[in-house]
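J.: For reference, the structure I am asking about is given below.
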Amino acid sequence: MRILVIEDNLAIVTNLSDYLEACGHEVEAARDGVQGFQLAASQPFDVVLLDINLPRMDGMTLCRKLRKEARADVPILILSARDTLNDKLVGFQYGADDYLVKPFDLEEVEARLNALHRRRTGRVANRILRVGDLFYDSGRKRVQFAGVEVKLPPKCMRLLEMLMSEPGRVFSRRDLEIELWGDEQETSDRLRNHVHVLRRALVRAGNRDPIETVHGLGFRLVTTE
C-alpha cells in the first residue's frame with residue numbers, strides 16, 4: 001500500500017514509517033495540515049493516517065476538506081490522544097473511516113490499514129439502490145432521503161448500502177463488522193458509533209429514522225412505501 005502519514009510528532013512519524021515500510025508498504029509523511037491536505041488531494045494514496053492536533057490546519061478540518069472540497073474517497077484512519085465518544089463521533093462525522101486512540105500498537109495500526117484498503121478495493125462500482133424514499137448511487141457517492149441530499153462519511157455510506165441491499169433483513173453486528181472492517185471487533189463501540197452517525201444524518205434529512213435496532217440480533221432497514 002501507499003500510505004500518507006500526517007503527523008507533527010517526529011518520533012511517531014519515524015516509528016510508523018519504519019514499521020510500515022518493514023511490512024512492505026510505501027510511506028510518505030507530512031508534518032502539518034496544509035502540506036498533508038495538498039498531498040492527499042493531489043496524489044494517489046491507498047490510505048491516510050491522520051493526527052488531529054496539527055499545525056496550520058487541524059486534522060478535523062483537513063478531513064472535512066478532503067471529503068467536501070477535494071471529493072477524495074481515500075480511507076482515513078485518525079490517530080489521536082482524544083479518547084471520548086464525542087471526539088470519535090465528530091471524527092466519523094467529518095469523514096474518517098476509523099479512529100484509533102494513542103498510544104497504539106503498531107501491529108494494530110497495520111491491521112486496520114489493511115482492512116480499510118481491503119474494504120475499498122472490494123467495493124462494487126456504480127451500484128444504484130432505491131428503497132422507498134432512500135436513494136444510493138455508489139459511483140457518484142450520492143445518498144438522498146425523501147429527496148434531500150445526505151452527506152455521509154465513507155464507512156456510513158457503506159453501512160447504508162449494505163442495509164439497503166436487503167431491506168427488512170436483520171444484519172447481525174458480526175455481519176456488519178466483517179463487511180466494514182474485515183473482521184469481528186472486540187467491542188461494539190465502533191459499529192455503534194457509525195450507526196449513530198448514519199441515523200443522525202438520515203433523521204436530519206427525512207425527519208425519521210429508517211433503521212431499526214433489533215435487540216440482541218442487529219439492525220435492519222425499514223421503509224414506508
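Each reported figure results from applying straightforward, stated rules to the coordinates on display, with no laboratory input. Every value quoted in this text rests on a predicted model; they were computed, and no experiment measured them. Quick reminder, even Gly has a Cβ in these numbers, built from the backbone with ideal geometry, and neighbours come from all protein chains shown.
J.: So in the chain, what percent of DSSP beta bridges are antiparallel if you round to the nearest 5?
T.: Counting only bridges with both partners in the chain, antiparallel ones make up about 50 percent.
J.: Straight-line reach from Lys155: which aspartates and glutamates fall under 13 Å, measuring Cα to Cα and dropping same-chain residues less than 8 apart?
T.: Candidates past the 8-residue exclusion: Asp73, Asp97, Asp98, Glu177, Glu179.
J.: Also, I was wondering about something else. Exceeding 20 Å between C-alpha atoms, which entries from my cross-link table qualify? They are Lys68/Lys151; Lys102/Lys141; Lys102/Lys151; Lys88/Lys151; Lys68/Lys102.
T.: The answer is Lys102/Lys141; Lys102/Lys151; Lys68/Lys102.
J.: Under the definition of Cα pairs under 8 Å and six or more residues apart, what whole-number percent is the relative contact order of the chain?
T.: Computed value for the chain: 14 percent relative contact order.
J.: While we're looking at this one, here's another question. Does the stretch 2-121 come out rounded, prolate or oblate by the C-alpha gyration tensor, with a ≥ b ≥ c the root eigenvalues, rounded set by a/c under 1.5 and, if not, prolate when a/b is larger than b/c and oblate if not?
T.: Verdict is rounded for the stretch 2-121.
J.: Provide Rg and Dmax in Å for the chain, with only Cα atoms included in the calculation.
T.: 17.4, 56
J.: Here's another thing I want to ask about it. Using just the helices of the chain, give the 222 nm mean residue ellipticity in deg cm²/dmol: DSSP H runs with n ≥ 4 each add -39,500 (n - 2.57), and the total is spread over all residues, rounded to 500.
T.: Result for the chain: -13500 deg cm²/dmol, rounded to the nearest 500.
J.: Given 10 °C and 1.306 mPa s, how large is the Stokes-Einstein diffusion coefficient of the stretch 128-221 in µm²/s, with Rh as the Kirkwood radius over Cα pairs?
T.: Translational diffusion coefficient: 119 µm²/s.
J.: Still on this structure, I have one more. Which one, Leu4, His117, Leu89, is farthest towards the positive end of the dipole of the stretch 2-121 when Lys and Arg carry +1 and Asp and Glu -1 on their Cβ?
T.: Most positive-ward Cα: Leu89.
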